[in-house]
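The next block holds one structure in the form of structure tokens; read it before the comments.
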Amino acid sequence: MTYLFQQLLNAMQLGSIYALIALGYTMVYGILTMINFAHGDLFMVGAFLCFIAATFLKLPFVPTLLISMIGVALLGVVIERLAYKPLRHAPRVSAVITALGVGLFLENFTLVFSPYPQHVPELIANKTWVIAGVSISSLQIIIILLSIGLMILLDQIVRHTMVGMAMRAISWDKTIVPLMGVPLNLIISITFALGTSLGAAAGTMYSLAFPVIDPYMGIMVGWKAFISAVVGGIGNIRGAMIGGFILGGVEILVAAFMPSTYRDFVAFSLLLVLLIFRPYGILGKPRPQKV
Amino acid sequence: MDAQKTPQKNIQQPGKGQKLGVWKQYWDRFASNRWLLPVLTVAGFILSILIPQFNLVNPYIQLILMYIGINIILTTSLNLINGYMGEFSVGHAGFMAVGAYTSAVLTTIFIPTSLNPWLFPLVVLAAGVAAGLVGLLVAIPSFKTRGDYLAIVTLAFNMIVKSIIENIEAIGGPRGIPGIEKLTTLPWAFFWTALAVWVIRNFVYSNFGRGVMSIREDEIASDLMSVNTRQAKLLAFVISSFFAGIAGALFAHVLQFISPKVFDILKSTDILIMVYLGGIGSITGSILGATIFTILLEVLRPLGVWRMVLMPLVLVLLMLFRPRGIMGLREFRWFIPHYQLLATHLWRKKKEAANAPAAD
């Protein structure tokens, strides 16, 4: 039983990271109906910015996190302006392929400067408490609390501020809403900044939890976060959070009770089964199709 | 139906570039010559036999030629799903892995080495059939889900295949199969490439192919027009995965070593890039895309790591300035079957005849 609780705690840790990245996918999808495949690599850039800030500037945790989030948010906005904006009226797939290209570019550009895996220094003093046989580290607590805090913050922004209202309006209709005086480009930029900075926060925490980072780390994590977003119903913010926790939970529990090589197999088979019963994800609603 | 109208429009406008007019006429005559395709095919086949026989080019270039052939098969077959059917399949390397592993297991374990060169065509065929059967499985979810959700299904399929292979110790698990005989020769590579392109072209211009294209334009409408969408999807997936399996078999016997890592999501991404570089819904585009991508990667090799930085940039720029790829939804005239050209011609005549009295 304590083993199960221990694993559930680990699942919370991994799941909150997946959920944070999945939020970026789902926000961009909700507003542009475009899958930003470069998001996993922005997560990687976030981890590398954390590495640079912690190793070369010797900064403590909070400034490192802020540098990483702001840096990646700027990068996300620049990418949107340069690469995605001209393609807003092009076929949907061209934008997706552009995103794949941007992702590959980020990976390989980082690879040029860091051919070897890097080791991120420990930023949070590692304390471990044992409660009823379950050991909890300070890092785990910070990761889980911080990501849940960020998620609540985002949820509040989207639901209760003017910017959030504009975002929801634009995801409802992109033609009429700008006519009502909503600045379309600004709102899209803000969406990108918010989504990518959450990805960067996830990257920072991931690099603290699993301290060896390399330029290709974003691929697998990014695809898995994308899957979480789809499981929750892509375009739905709360769905992305739920999907992230489900995927993290499944992965950790499979690894805990079965040979760890079966992890991907079981996790993805479960996803397929879930998609058969709920083809639009857990919270997603099927859009009516018109002929 | 846009795919067939546009090429002729482009060719039948010689007046536009007056300075280039003479050259354009020559080019039109050349490009619409009905003997071009058979002549090119036979010439290519003879060349593919002569090159290894007399060592006309060095082995390195021969190797690249074989890779180009394999990539053309992969790109054309993926274009059937992503370009003509309009779905977004991201797991093509999974089918390739099935084919590669089937063929490699056959040649390294079951078939005695002395028989290998003789049975190789059958082995490749078996690899294709195995991949085709797996494609049948993936086609079933496509009946219900579309778009991004189908993309997830294919993505998960790719990862599941990789994960299953990693867990079977009998075929090497994560270490893969080393020491595969080098059985893919240039003539064979050319033969399979030509076969794949020929079959997929004829499929696209057949009644089934029209059904597949109507799914791209509007699935519900085509269903209402009594297109058997399930059959069309099934056929498209099976043919596409069949040729991906064949490409995998050829690939395994060129590389001489396969492991699950070779067939991960990055390989699928490469194939996707070749498809969209060449242009969706265009077989000549796929051929061009695969050729250009493979050659560019080799030409830029001296740049080292920077070539991997440059390639995505080229892709992004191409997408920004030509969002449909090089040949998107267009085809060279000599590549379109004659009955198709004839049908379009007659249709146009009929339409003009119908419009003429109305204009009076």
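Data table
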{"item": "Dipole magnitude of the protein assembly as shown about its Cα centre (Cβ charges: Lys, Arg +1; Asp, Glu -1), debye to nearest 20", "result": "1700"}
{"item": "Hull-based mean projected area of the stretch A:55-115, where the convex hull spans the alpha carbons, in square nanometres", "result": "5.2"}
{"item": "Shielding by partners - mean other protein chain Cβ count within 10 Å, residues of A:85-91", "result": "3"}
{"item": "Cα-based Rg of the stretch B:95-135 normalised by 2.2 N^0.38 Å, two decimals", "result": "1.10"}
{"item": "Partner chain coverage, peptide B:276-285 - average Cβ within 10 angstrom", "result": "1"}
{"item": "Magnitude of the charge dipole, chain B, Cβ model with Lys/Arg +1 and Asp/Glu -1, debye to 20", "result": "1020"}
{"item": "For the stretch B:202-232 and the stretch B:121-143, distance of Cα centres in Å", "result": "21"}
{"item": "B:Leu40 versus B:Asn355: modelled label distance in nm, points set 7 Å from Cα along the beta carbon direction", "result": "3.0"}
{"item": "For the stretch B:17-151: rounded, prolate or oblate by the Cα gyration tensor [a/c cutoff 1.5]", "result": "oblate"}
{"item": "Peptide A:267-278, shielding by other chains (average Cβ, 10 Å cutoff)", "result": "4"}
{"item": "Spin-label model distance (nm) - A:Ile148 vs B:Trp27, 7 Å beyond Cα toward Cβ", "result": "6.5"}
{"item": "Per-residue HN-Hα couplings for the stretch A:209-224 [Karplus 6.51, -1.76, 1.60; θ = phi - 60°; Hz; x = Gly/Pro]", "result": "6, 10, x, 9, 10, 9, x, 9, 5, x, 5, 5, 4, x, 5, 5"}
{"item": "Relative contact order of chain B, pairs being alpha-carbon contacts under 8 Å that are 6 or more residues apart, as %", "result": "30"}
{"item": "Tail weight of P(r) past 28 Å, computed on alpha-carbon pairs of chain A, percent", "result": "37"}
{"item": "Stokes-Einstein D in µm²/s, Kirkwood radius over Cα pairs - the stretch A:240-291 at 4 °C with 1.567 mPa s viscosity", "result": "105"}
{"item": "Residue among A:Ala166, A:Phe245, A:Leu42 farthest towards the positive dipole end of the stretch A:2-277, charges placed on Cβ", "result": "A:Ala166"}
{"item": "Alpha-carbon centroid distance for the pair the stretch B:238-292 / the stretch A:78-97, whole angstrom", "result": "25"}
{"item": "Computed E for B:Glu217/B:Leu313 - FRET, C-beta separation, R0 45 angstrom, nearest 0.05", "result": "0.85"}
{"item": "Expected-Rg normalisation [2.2 N^0.38 Å, Cα atoms] applied to the protein assembly as shown", "result": "1.02"}
{"item": "R0 of 35 Å, Cβ-Cβ distance B:Val299-A:Arg92: FRET efficiency to nearest 0.05", "result": "0.65"}
{"item": "Likely footprinting exposure, B:Phe263, A:Phe265, fewest C-beta neighbours within 10 Å first", "result": "A:Phe265, B:Phe263"}
{"item": "Extension gain, B:Leu63 back to B:Leu47 (0.36 nm per residue minus Cα-Cα distance, nm)", "result": "4.3 nm"}
{"item": "Alpha-carbon gyration tensor eigenvalues x 5, square-rooted, for the stretch A:190-291, Å", "result": "25, 21, 10"}
{"item": "Only Lys, Arg (+1) and Asp, Glu (-1) charged, at Cβ; the stretch A:2-277 dipole about Cα centre in debye", "result": "460"}
{"item": "Inverse of mean 1/r across different Cα pairs in the stretch B:289-328, Kirkwood, Å", "result": "10.7"}
{"item": "Residues with amide H under 5 Å from that of B:Ile258, placed H, sequence gap 5 or more", "result": "B:Ile177"}
{"item": "Above-threshold pairs, the threshold being 19 Å between Cα atoms, out of A:Lys224/B:Lys267; B:Lys144/B:Lys233; A:Lys285/B:Lys144; A:Lys224/A:Lys285; B:Lys144/B:Lys267", "result": "A:Lys224/A:Lys285; B:Lys144/B:Lys267"}
{"item": "Estimated distance in nm for a label pair at B:Lys261 and A:Phe56, the labels positioned 7 Å out from Cα along Cα-to-Cβ", "result": "2.9"}
{"item": "In Å, descending, principal axis extents of the Cα set of the stretch B:182-263", "result": "50, 28, 16"}
{"item": "Whole-Å semi-axes of chain B's equivalent ellipsoid (Cα gyration tensor)", "result": "36, 25, 20"}
{"item": "Which of A:Lys224, B:Lys267, B:Lys233 has the fewest Cβ neighbours within 10 Å, and the rest in rising order", "result": "B:Lys267, B:Lys233, A:Lys224"}
{"item": "Extension reserve of the A:Phe257-A:Thr2 stretch, reckoned as 0.36 nm per residue once the Cα distance is removed", "result": "90.4 nm"}
{"item": "Proxy reagent accessibility, fewest Cβ within 10 Å first, across A:Leu100, B:Leu288, B:Leu342", "result": "B:Leu342, B:Leu288, A:Leu100"}
{"item": "Debye equation applied to the C-alpha atoms of the stretch B:207-360, log10 I(q)/I(0) at 0.09, 0.14, 0.16 Å⁻¹", "result": "-0.45, -0.96, -1.15"}
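Just so you know, all these numbers are worked out from the coordinates, no wet-lab data involved. All figures in this text were calculated on a predicted structure; none of them were measured in a lab. Here the Cβ is made from the backbone with ideal geometry for all residues, glycine too, and neighbour counts use every protein chain on show.
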